[in-house]
Amino acid sequence: MEQRIAVIGAGTMGSGIAHVAALHGYQVYMIDEKPGVVQTARVRIHQRLDREVEKGRLTPSEREAVMDRLIEATWDHVADAELAIEAVLEIMEVKKAVFQTLDRVLGPEAVLATNTSSLSITEIATTTRRPQNVVGLHFFNPAPVMKLVEIVRGEETSDDTVQRVQTFATSINKEAVVVQKDTPGFIVNRVLMPLFIEAMRIYEEGIASKEDIDKAIKLGLNHPMGPLTLADLTGLDVDLNVMDYLFQEFHDDRFAAPMVLRRLVRAGKLGRKTGKGFYNYDGV
Ligand code: CAA
């Protein structure tokens with residue numbers, strides 16, 4: 001079983017993945033090209049672990065052991081990682097550059113996984129000399145809490161690679177589903193984006209208030225959050241990127257982003273992180 005993993009990108013998803021892996025005993029090399037981002041992530045993880053200590057689920061010494069396993073690293077330090085999980089910006093060229101570097105610095109047996117929420121695993125894999133070891137490993141926000149990971153096969157992903165990430169997912173207490181064909185949005189985002197889009201259209205058309213749209217889905221479908229609140233949580237810029245990509249790939253209006261979303265993103269209102277997302281918006 002893998003013992004050392006590298007997580008590339010220490011934003012919301014990268015830090016959540018690092019958190020859950022370290023909690024389950026992995027040594028985690030954390031890399032982010034932006035200075036200070038890994039330190040900020042470690043502070044946030046420490047605060048989360050403090051709450052676990054307060055609730056009596058973790059002892060202070062266990063918390064310190066988890067923090068000790070979270071290592072700020074550079075590319076020079078990660079050569080012995082058996083698994084790398086990339087969680088950088090959802091932009092193909094940025095991901096390809098990371099995979100090229102991973103291919104160069106990691107041992108030949110290492111598995112290279114991407115947390116992409118929609119992009120093609122096959123295309124990302126073309127930048128490496130080991131497409132059989134490249135796989136999608138898609139976590140959900142907040143990663144320490146959400147049970148699911150989607151394992152996505154690229155055209156050349158080997159059964160062994162799928163098996164290895166399945167074992168990894170089980171070892172960090174996640175439930176995996178295997179997406180057998182590398183298709184945009186995989187399962188969850190292919191279903192979720194039309195839900196967001198329809199909720200936003202209902203709002204745009206003046207059919208119901210944001211509060212009532214969310215309440216309807218929460219209570220009518222037993223979702224923990226309404227779609228407009230959830231769109232803010234996932235990040236409106238991320239949502240728009242995913243919708244645009246699905247629209248481009250499927251040529252289907254199911255995935256056409258509502259104008260209200262595009263306007264919010266252009267205005268820099270990106271959701272929960274800025275406190276200025278869809279839910280705090282009063283216009284149409
Ligand atoms: N990191 C770690 N733990 C967190 C957390 C975070 N960011 N946010 C909440 N938690 C923990 C809390 O500590 C709490 O733990 P305990 O119950 O063990 O004490 C637990 O989660 C519940 O949190 P709260 O009581 O604060 O609030 P809640 O009950 O409303 O739950 C929620 C919050 C887990 C986010 C819940 O509302 C939920 O499940 N929402 C839906 C989330 C969802 O659908 N995510 C998928 C998004 S799609 C995606 O990510 C894919 C993509 O590519 C865009």
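Here, each number is a calculation from the coordinates, and none is a lab measurement. Treat the numbers as computed from the prediction; the structure is a model and nothing was measured. Cβ placement follows ideal geometry from the backbone for every residue including glycine, while neighbour counts extend to all protein chains displayed.
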Rounded tilt (10° steps) of 12-23 against the dominant C-alpha axis of the chain: 40
Residue among N133, L112, I197 farthest towards the positive dipole end of the chain, charges placed on Cβ: I197
Unit charges on C-beta of K, R, D, E only; dipole of the chain, Debye: 640
Bins of 10 Å from zero: percent of alpha-carbon pairs in the range 28-68: 30, 46, 21, 3
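Using 0.36 nm per residue, how much length does the chain from V191 to H251 gain when fully extended, once their Cα-Cα distance is taken away?
This chain segment gains 20.0 nm when fully extended.
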Angle in degrees between helix 37-54 and the longest Cα principal axis of the chain, rounded to the nearest 10: 90
With Cα atoms, 0 to 90° folded angle of helix 188-204 axis to the chain main axis: 30
Reach of K174 by Cα under 25 Å, taken over lysines that are not fewer than 8 positions away in the same chain: K55, K95, K147, K218
Selection from A21, G56, V94, by position along the positive dipole direction of the chain (Cβ): G56
Derived scalar couplings ³J(HN,Hα) [the range 63-74; Karplus, 6.51 cos²θ - 1.76 cosθ + 1.60; whole Hz; x for Gly, Pro]: 4, 5, 5, 5, 4, 5, 7, 9, 10, 5, 9, 10
Percentage relative contact order, the range 4-179, counting C-alpha pairs under 8 Å, at least six apart: 21
Nitroxide proxy distance, nm - points 7 Å out along Cα→Cβ at V177 and Q47: 3.2
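For G185, what charge total do you get from the other residues with a beta carbon under 13 Å from its beta carbon, if Lys and Arg give +1 and Asp and Glu give -1?
Values: positive: K181, R190, R254; negative: E90, E150, D182, D239, D244, E249, D252.
That works out to -4.
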Dipole axis of the range 132-284 (+1 Lys, Arg; -1 Asp, Glu on Cβ), positive-most option in A176, I213, G277: G277
Cβ-derived FRET efficiency at R0 25 Å, L219 paired with L89, nearest 0.05: 0.10
Normalised alpha carbon radius of gyration of the chain [divisor 2.2 N^0.38 Å]: 1.02
More than 14 angstrom apart: percent of Cα pairs within the range 190-271: 61
Nitroxide proxy distance, nm - points 7 Å out along Cα→Cβ at E211 and A267: 2.0
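Where does the charge balance sit around D253 when Lys and Arg score +1, Asp and Glu -1, over other residues with C-beta under 14 Å from its C-beta? Working shown, then result.
Details: positive: R201, R254; negative: E198, D244, E249, D252.
With Lys, Arg at +1 and Asp, Glu at -1, the neighbours total -2.
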Alpha-carbon Rg with Dmax, taken over the range 63-152, Å: 13.5, 40
